[in-house]
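A short worksheet on the structure shown next.
The values are calculated or read from the model by the stated rules, or taken from the named source; none is laboratory data. Treat the numbers as computed from the prediction; the structure is a model and nothing was measured. We place every Cβ from the backbone using ideal geometry, glycine too, and count neighbours over all the protein chains shown.
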Amino acid sequence: MTSRREFITSLWNAPARPKDADPLRAHSARFASIGNVVAWPLALILVIHRVAVLAMNGSITDDFSTVYYALRRFIEGVPVYNENYAYVDPHYLYSPGATLFLSPLGYLTDFDAARTAFVIVNAAAIIVALGILTRLFGWKLSSPVWPVSIALAFLTEAVRNTLVFSNINGLLLLALVGFLWLMMHNKLIAAGVVLGFAGLVKPIFLPLLFLPFVKMQWRTVATGVAVPIVMNIVAWPLVPGAGDYVTRLMPYLKQTRDYANSSLSGQAVFYQMPGWQEKFWQVFFAAVVAAGVIFLLRYRNTDPLLWMATTSGLLLCGVFFLSSLGQMYYSMLLFPLLFTVLRARSVMHTPVAWVAAYLFLTPEHWVINDYERVSVLADYAKPTFGWALLLVVISTTAVTWWLSDRRPPAATQPAPLAPAH
């Protein structure tokens, strides 16, 4: 009976760990000064290049025009969901509630000015989010952590394509980080509002309601659910052709597209994977995610920051991988998980985790001219393999931690007696 109780207790609560002396904090003031001298110029140059050169030049892929002209249709009283969804062009996929929420952008009548402002705001949001993460993980903004994180982030495909395609992911990263910060500071209603608006724009955020739910923080859960519901109710009579969202757009959203889709389902369609094989991998990785969520629960009270950052990363990565649509630049939302490398215990202390991060963050193309079929798989499925690998790493690491904590401490051996002379 006692053994069973101990087993349940060990699974439900992690033992409190002493405050570890973090070797990263032992650096000298001189080292920090040198780090800033190196990191800030690199960070500023990369930000300027991504915003003033790559983003201003644009790309054949243009996420902004689709959103902007849909918002203009809303303002002008034209049906919003009037696109031809048989084409593979980027489509406007936001709900009536999200349309109402984003509508101020449509009041900027100069398209180029609106796009430029949107790119700059998203770039600034990414930088601010990284600053909040730096503080959240216990580092000063005067340390090299902030500029190093900016430089590394602006090297990734996620940040680069967010700015080049001019989409809203930078603001969504800020919303995610804001939600975590508010949860850590026990501002429960505000956390629910932020998560609710993020979920209104991108429903992939809604699984994060699990975090306040499991801690019985009902105000956060109720607010997070109420915001998208209320916004859609208010917007429905205001958005021209709102009914088309249900009759025309939702059937399109249920389809798994075979282009620009790094989810497991997207890869299955692209490579014509047998149905039974796709179902097997869906069930297998759903079980991997569930195991990780369960074994990480032990840290919700003893190390809430590690728990929230890791569990949110696991849930979001699971959504990217298992939903009908996962795009590589969604990986920006895993930045809080990557920041856990600064803690004494983290799933990111595993080398394999950084192989996974490379796969879903790198902008490099793995194309070998003489091996076209292998190159297509290596390049097109790169983020898919990265997300799958990260899911396995997080869950196996969480189980390993549990097994390690259950092991009794090694008995202290008495010092050997000095030999008699």
Fill in: Pairs, first more than 18 Å from Ala388 (Cα to Cα) in the range 340-352, second surrounded by fewer than 19 Cβ atoms within 10 Å (Cβ to Cβ) and among the aliphatic types (A, V, I, L, M), C-beta under 7 Å, six or more apart
Leu342/Leu24
Practice prompt. Can you give me the number of residues within the range 227-243 that are more than 29 Å from the chain's Cα centre (by Cα), hydrophobic (A, V, I, L, M, F, W, C) and buried (at least 16 other Cβ atoms within 10 Å of the Cβ)?
Written response: 2
Fill in: Members of the range 125-145 found to be in contact (Cβ under 8 Å) with a residue 24 or more places away in the chain and of a type in the set (A, V, I, L, M, F, W, C), listed by number
Ala125, Ile126, Ile127, Val128, Ala129, Leu130, Ile132, Leu133, Leu136, Phe137, Trp139, Val145
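Do we find that Gly266 is touching a Gly at 6+ places or on another chain (Cβ under 9 Å) and closer than 30 Å to Trp307 by Cβ in this structure?
Values: touching a Gly at 6+ places or on another chain (Cβ under 9 Å): yes; closer than 30 Å to Trp307 by Cβ: no.
Considered against the rule, which asks whether it is touching a Gly at 6+ places or on another chain (Cβ under 9 Å) and closer than 30 Å to Trp307 by Cβ, Gly266 comes out as no.
For every residue, the table says whether it meets (1) of a type in the set (D, E, K, R); (2) touching an Asp or Glu at 6+ places or on another chain (Cβ under 6 Å); (3) crowded, with 24+ Cβ neighbours inside 10 Å; (4) within 26 Å of Tyr92 (Cα to Cα).
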{"residue": "Gly170", "(1), (2), (3), (4)": "no, no, yes, yes"}
{"residue": "Leu182", "(1), (2), (3), (4)": "no, no, no, no"}
{"residue": "Leu188", "(1), (2), (3), (4)": "no, no, no, no"}
{"residue": "Val194", "(1), (2), (3), (4)": "no, no, yes, yes"}
{"residue": "Ala198", "(1), (2), (3), (4)": "no, no, yes, yes"}
{"residue": "Lys202", "(1), (2), (3), (4)": "yes, no, no, yes"}
{"residue": "Pro207", "(1), (2), (3), (4)": "no, no, no, yes"}
Practice prompt. Spot the failing condition for Ile294; the list is (1) over 29 Å from Asn13 (Cβ atoms); (2) assigned to a helix (DSSP H, G or I), and only one is missed.
Written response: (1)
Worksheet item: Which condition number in (1) at pLDDT below 95; (2) within 21 Å of Gln267 (Cβ to Cβ) is the one that Arg345 fails?
Response: (2)
Worksheet entry | Test set (1) modelled with pLDDT under 70; (2) β-branched (Val, Ile, Thr); (3) surrounded by 14 or more Cβ atoms within 10 Å (Cβ to Cβ) - Thr2 fails condition number | (3)
Worksheet item: Here is a list of conditions, (1) surrounded by fewer than 22 Cβ atoms within 10 Å (Cβ to Cβ); (2) within 27 Å of Phe165 (Cβ to Cβ); (3) among the small types (Gly, Ala, Ser), and Gly326 meets all of them except one; can you say which number that is?
Response: (1)
Worksheet item: Going through the range 53-67 one residue at a time, which ones are polar (S, T, N, Q), touching a helix residue (DSSP H, G or I) at 6+ places or on another chain (Cβ under 9 Å) and part of a helix (DSSP H, G or I)?
Response: Asn57, Ser65
Response to the item:
Counted residues in the range 270-291 being of a type in the set (Val, Ile, Thr) and out of contact with any helix residue (DSSP H, G or I) (no Cβ under 9 Å at 6 or more places or on another chain) come to 1
Response to the item:
Among residues of the range 21-52 being charged (D, E, K, R) and assigned to a helix (DSSP H, G or I), the residue modelled with the lowest pLDDT is Arg25
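Take the residues in the range 244-270 that are of a type in the set (Ser, Thr, Tyr) and in contact (Cβ under 8 Å) with a residue 40 or more places away in the chain; name whichever of them is surrounded by the most Cβ atoms within 10 Å (Cβ to Cβ).
Ser262
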Response to the item:
Going through the range 68-77 in order, the residues found to be in contact (Cβ under 8 Å) with a residue 60 or more places away in the chain and either in a helix (DSSP H, G or I) or crowded, with 17+ Cβ neighbours inside 10 Å (or both) are Arg73, Phe74
Worksheet entry | Residue that is at pLDDT 95 or above and surrounded by fewer than 20 Cβ atoms within 10 Å (Cβ to Cβ), where the choices are Val88, Val119, Val128 | Val128
Practice prompt. Could you look through the range 53-67, keep only residues that are exposed (fewer than 15 other Cβ atoms within 10 Å of the Cβ) and more than 27 Å from Thr99 (Cβ to Cβ), and pick out the one that is modelled with the highest pLDDT?
Written response: Val53
